[in-house]
Structures are given as C-alpha cells and as structure tokens.
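K.L.:
Got a structure for you, written out below as structure tokens; questions coming shortly.
Please treat every number below as a calculation from the coordinates, not as lab data. No experiment lies behind these values; they were computed from the predicted model shown. Glycine gets a Cβ as well: all are built from the backbone with ideal geometry, and neighbour counts include every protein chain shown.
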Amino acid sequence: MNETLSDPIFSELRPRLVRLAYRMLGSVADAEDIVQDSWLRWLATDRASVREPAAFLRTVVTRLCLNELKSARRRRESYVGSWLPEPIFDPEDGDAADDITMPLMLALERLSPLERAAFLLHDVFGMNFDEISSAIGREAAACRKLASRARAHVTEARPRFAIGKEEGLKLATAFFTASRTGNMASLQALLSEDVVVYADGGGKVPTSQRPHIGLPATLRLHEQLAQIFRAQPSQLIRYAIIDGLPGFVTIEGGNIVQTTALQIEREKVVAIYCTRNPDKLKHVIGAVESAASIAANY
C-alpha cells in the first residue's frame, strides 16, 4: 500500500487501524483488506471537512469489520477442527504491545460483534462512548452496557500471572527441546495437570480435530509425535512472542510451517496453541522462504 505514504495522516494512523481490524477479525489478511477499503473511502472523502481523522477512520474500519464478521461467523461454523487467530509476532513499540493475548482473542470470538467492537474500542483503543456510539450505531448508554458485558466475559482470559519475555522464551526453549527429543519426564515437569492442546490445520494439513485436554492426553499425544520427530526432525526457525505468548516457529515433516504458542501460569504450561493452516501462515511462510533463499546464496 505504498500509495498511503503520500498521505501522512493515513500513513501515521495505518498501524493502529490494522491492529484494530486484526483484533476484530483475528485475521491478518482480512485486516489488511479492511484497511485498504478504508483507504479508498478516505480518498473519496472531503478530508478538509474531517475534524478528527483518527476517530473518522476508526469508525470506518469498525463498520467494515462488523460487516465482515457476519460472513466470518458463517465460515467458522463450518471450519474443520479448532479455530485459532492468525499469529502475529513480537510487537516492538509500546503502543502495539497491548495485552490482547491468544486466550483473550479466543474469548473475543465468543462475544457478539457489537460487544466485541464496544470492548475493543473502549478498553483497548481508548475511545469514549460517544465516539463508539457513532462507530457502531448504538446509543452511548447501550455501548457502555455492551462493553461491560464483554468485559465480564473476557476477564478470566486475561493473564493472571504475568511472565517476563525472557523467562517465557526460556520455558519455550525447554518445551521445544523436551517435546522434540521425546523426553517425557522433562516435558511433564513443564506442564500443568489441566493443560490443553489446540491445533488449527483448517482441514488443509494433518492435525487433531479436537483439543487434547489434561496432562495424560497431552503426554500421549507427544509420545506419538516424538516418534514422528525421530523420523522427521523439526526444523527450528526462531523463538518468538506469538500473540503475546512465548513460543516458536518450526518447519515440520512435509515442509509444513507451524507456530506454537504457550500459555504459561505459575511457571507451568496451561495451554498449547499450534497453528498449521497454511492460509493463516502466508506471512510467516513468505518470511521463511525469503530467509532460506538468502541462506542459499551464501
């Protein structure tokens, strides 16, 4: 979207608009499309008459997202296996590094579109309820109730025991080593009793159709995977913070790119989120292929 660089206002606001659209939709590609549509509408607007471009563009993006959510929900009803949001990595600037983690993104999925919009716009992006009223077409009092209901639903999904980035990546390293070498004793020491494994292949690549719930089921799964890893070792691409959680990117057997994010509480892994659906990893696959191409030239 190089043309947006010619408009310093839109160029400055674009990262926040993409972030808002991603939080609404859980899809990097859809968020980019929404922001592209908002750019076209911005071009068609008498911009000199817009007193607050940020509020105007947030409203445009929110309305476009609400329309998109209607069709997205229908698609997810027929989705094969567990659905996870597309992974995003390592936000570096303080504004981007909000506390919307993978578990909270999944909690947002259980909200109505209007609840989701009211909560995100107020609690995450700091809009007042008069602005939100204009954005979603409801009275300010109704918007306040929508945000309150949403907040009650997602409170449990917020991290209760914050873990530092360095400590989180250290545990991710230990998890990768134990799971890929088949060291079940070391792996068990990292897992909580009620750990859950979610895997999103979207019906495109092999994966479990249902979550694995509890320590025994998780250990059985990794005992099976260890046999596969012995024959086809995982290729570690990088450790990373994935949607606020420590984890790693790998290439698995059959050249399948996978992200693994670990939810950690009290130094134990309570949830494992594996994204394998290639449609959700295009931005990751592109980066991996680019790195491989550069390495091949040396």
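K.L.:
If you build a Gaussian network model of the chain, linking Cα atoms that sit under 10 Å apart, which residue out of 48, 199, 261 swings the most?
P.N.:
For the chain, modelled as a Gaussian network with Cα springs under 10 Å, the answer is 48.
K.L.:
Moving on. Short version: ³J(HN,Hα) in whole Hz for each residue of the range 198-204, in order, from phi by Karplus 6.51 cos²θ - 1.76 cosθ + 1.60 (θ = phi - 60°), x for Gly and Pro, what are they?
P.N.:
10, 10, 10, x, x, x, 8
K.L.:
Shape of the range 211-263 from its Cα gyration tensor (a ≥ b ≥ c, root eigenvalues): rounded if a/c is under 1.5, otherwise prolate when a/b > b/c, or oblate?
P.N.:
Oblate shape, in that a/c is at least 1.5 and b/c is the bigger or equal ratio.
K.L.:
So who's got an amide H within less than 5 Å of the one on residue 196, skipping anything under 5 residues away but keeping other chains? H placed 1.01 Å off N, in plane.
P.N.:
214, 271, 272
K.L.:
What are the lysines whose alpha-carbon lies under 23 Å from the alpha-carbon of residue 280, with same-chain residues fewer than 8 places away excluded?
P.N.:
Those lysines meeting the cut-off are 70, 204.
K.L.:
For the chain, give the magnitude of the charge dipole about the Cα centre (Cβ charges: +1 Lys/Arg, -1 Asp/Glu; no others), in debye to the nearest 20.
P.N.:
800 debye
K.L.:
Still on this structure, I have one more. Sequence-distant or interchain residues sharing an amide H contact under 5 Å with residue 82, placed H: which?
P.N.:
199, 201
K.L.:
In addition: So for the range 181-229, what are the equivalent ellipsoid semi-axes in whole Å, largest first, each being the square root of 5 times an eigenvalue of the Cα gyration tensor?
P.N.:
20, 14, 7
K.L.:
Let me ask you something else. Relative to the Cα centre, what is the charge dipole magnitude of the range 116-275, using +1 at the beta carbon of each Lys and Arg, -1 at the beta carbon of each Asp and Glu, and rounding to the nearest 20 debye?
P.N.:
160 debye
K.L.:
Let me ask another. Give me a comma-separated list of calculated 3J(HN,Hα) values for the range 267-281, in order, Karplus coefficients 6.51, -1.76, 1.60 applied at θ = phi - 60°, integers in Hz, x for any Gly or Pro.
P.N.:
6, 10, 7, 9, 7, 10, 10, 10, 9, 10, 4, x, 5, 8, 10
K.L.:
Taking just the alpha-carbon atoms of the range 1-154, what radius of gyration and Dmax come out, in angstrom?
P.N.:
15.3, 48
K.L.:
Just the number, please: Stokes-Einstein D of the range 105-218 in µm²/s, Kirkwood Rh from C-alpha pairs, 20 °C, 1.002 mPa s.
P.N.:
Once the numbers are plugged in, D ends up at 124 µm²/s.
K.L.:
How long is the chain along each principal axis, judged by its Cα atoms, biggest number first, in Å?
P.N.:
64, 49, 37
K.L.:
Springs between alpha-carbon pairs under 10 angstrom, Gaussian network model over the chain: which of 244, 214, 126 fluctuates most?
P.N.:
Among 244, 214, 126, the largest mean-square fluctuation in the Gaussian network model of the chain belongs to 126.
K.L.:
Then there is this: Each residue of the range 9-25 in order: what ³J(HN,Hα) in whole Hz does its phi give by Karplus 6.51 cos²θ - 1.76 cosθ + 1.60, θ = phi - 60°, with x for Gly and Pro?
P.N.:
5, 5, 4, 5, 7, 3, x, 5, 5, 4, 4, 4, 5, 5, 5, 6, 10
K.L.:
Moving on to the next point. With runs of 4+ DSSP H residues as the only contributors, calculate the mean residue ellipticity of the chain at 222 nm using -39,500 (n - 2.57) per run, divided by the residue total and rounded to the nearest 500.
P.N.:
Helix-only estimate at 222 nm: -16500 deg cm²/dmol.
K.L.:
Between the range 119-165 and the range 179-217, what is the separation of their alpha carbon centroids in Å?
P.N.:
32 Å
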